[in-house]
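Down below is the structure, laid out as structure tokens.
Please treat every number below as a calculation from the coordinates, not as lab data. Just so it is clear, the structure is predicted and the values come from calculations on it, not from any experiment. When we count neighbours, we look across all protein chains shown, and the Cβ atoms used for this are built from the backbone with ideal geometry, even at glycine.
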Amino acid sequence: MTTIDDLFKTAKSAMAKCHAPYSRFPVGAAILADDGSVHSGCNIEVVSFPEGWCAETSAIAHMVMAGGSRRIVEIAVVAEKLVACSPCGGCRQRLAEFSGPDTRVHLCDAATGVVETVTMGELLPHSFDTASLDGAENEASA
Ligand code: THU
């Protein structure tokens with residue numbers, strides 16, 4: 001069984017593979033899916049700066065391409081230079097696509113491990129979701 005510490009260590013190993021020559025801000029992420037599989041990712045930057053992508057996004061891509069479950073149970077995020085790296089806004093929306101409000105997000109310190117655990121519901125309240133796409137929230141006021 002994958003422990004939170006396993007997930008942290010996997011995220012840290014992924015961080016070591018980052019391509020971050022512009023920000024020099026290495027980040028790693030590791031997802032535990034509900035079939036027990038683990039998928040990691042690092043940030044990958046591009047000289048045209050906005051074209052790079054985050055560690056969480058790399059990890060999601062690995063999960064999807066692995067072909068198993070796409071439901072995230074928990075995710076660990078670690079940055080070399082930050083005590084507790086929290087997913088950026090874009091990654092919160094991407095993670096929400098494959099998780100629920102109770103999905104746990106472990107914010108880690110590269111030296112010591114998990115510093116704080118929050119939920120997706122806390123990170124992305126009032127999110128734009130599939131119900132929003134169907135206009136569910138607007139029907140009452142229409
Ligand atoms: N970064 C991530 O990989 N994940 C986050 O949640 C925050 C930011 C990356 C993007 C960029 O390569 C570097 O950190 C500095 O923003």
task: May I ask what percent, to the nearest 5, of DSSP beta bridges between residues of the chain are antiparallel?
output: 75 percent
- prompt: Bin by bin, in steps of 5 Å, what percent of the Cα pairs in segment 4-141 do you find, going until the bin that has the longest distance?
  reply: 2, 11, 21, 22, 19, 12, 7, 3, 2, 1, 0
statement: Simple spin-label estimate for S127/T2, 7 Å along Cα→Cβ, in nm, reads 1.7 nm
- line: One finds the C-alpha centres of segment 1-16 and segment 68-142 to be spaced, in Å, by 18 Å
query: With each run of n ≥ 4 DSSP H residues scored as -39500 (n - 2.57), what mean residue ellipticity at 222 nm is computed for the chain after dividing by its residue count and rounding to the nearest 500 deg cm²/dmol?
result: -8000 deg cm²/dmol
query: Applying 1/(1 + (r/R0)^6) with R0 = 22 Å to the Cβ-Cβ distance of E51 and F25, what FRET efficiency is obtained, to the nearest 0.05?
result: 0.85
